[in-house]
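The values are calculated or read from the model by the stated rules, or taken from the named source; none is laboratory data. Keep in mind the model is a prediction, meaning the values are calculated, not measured. Cβ: placed from backbone, ideal geometry, glycine included. Neighbour counts: every protein chain shown.
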């Protein structure tokens, strides 16, 4: 589990295709590796990867064909800059929101406008993700916890402050760039609970009215 608060940026220093799978090595002089061990999870552009090897300022990870299919990793090259976040500790501050590191879809940057010192970024979303995204709700973009400030047909708007742009890969994005999107966990599980097609939901007694009474919606 992660928070969407990026700890460091890194770069892919080695990339090996192994059939449908990939093996990556990512270097970062910014990330604190002192408490990282084999088997730990590191979110890489929002994708939860398991550390399989460690160097002084690098780690390696295997990327399954399933992950390659659902993400942009198949398009990445050596030198690609990525956002990095180590897994959440029970004692950590939850500065962003709960992020699983499981990408739900790929979005595309439609345009970037300046607004004072901030950026207004419009992102195109897949139709199947639209119902999960709410104005003033949370969304993860390339591993970054951000707030949806406006919704329109098939797209949403983010406001990026200078600090966030500087500390993440957002500063490299432009119109046409593709990004990983992860919806809010609460939206995903609410749909599961309320699904009329789920046998578990039918017998659970959880209804929209009950959730409203308990203050969940």
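In the range 1-60, how many residues are farther than 19 Å from residue 169 by Cβ and not assigned by TED's automatic domain parsing to the domain that holds residue 80?
Of the residues in that region, 1 qualify.
If only one of 99, 78, 82 is closer than 30 Å to residue 16 by Cβ, in contact with a helix residue (DSSP H, G or I) (Cβ under 9 Å, 6 or more places away or on another chain) and assigned by TED's automatic domain parsing to the domain that holds residue 30, which one is it?
When all the criteria are applied, what remains is 82.
Checking the condition part of a strand (DSSP E or B) and either under 18 Å from residue 97 (Cα atoms) or without any contact (Cβ under 8 Å) to a residue 40 or more places away in the chain (or both), which residue from 128, 150 passes?
Result of the check over 128, 150: 150.
Within the range 131-147, can you find the residues that are part of a strand (DSSP E or B) and within 13 Å of residue 187 (Cβ to Cβ)?
138, 139, 140
Give the number of residues within the range 1-26 that are at pLDDT below 95 and exposed (fewer than 12 other Cβ atoms within 10 Å of the Cβ).
Qualifying residue count for the region: 3.
When you look at residue 92, is it surrounded by fewer than 19 Cβ atoms within 10 Å (Cβ to Cβ), more than 19 Å from the chain's Cα centre (by Cα) and outside the structural domain of residue 140 (by TED's automatic domain parsing), yes or no?
No.
Considering only residues that are surrounded by fewer than 16 Cβ atoms within 10 Å (Cβ to Cβ), in contact (Cβ under 8 Å) with a residue 40 or more places away in the chain and within 18 Å of residue 7 (Cβ to Cβ), which ones fall in the range 153-168?
Result: 161, single match.
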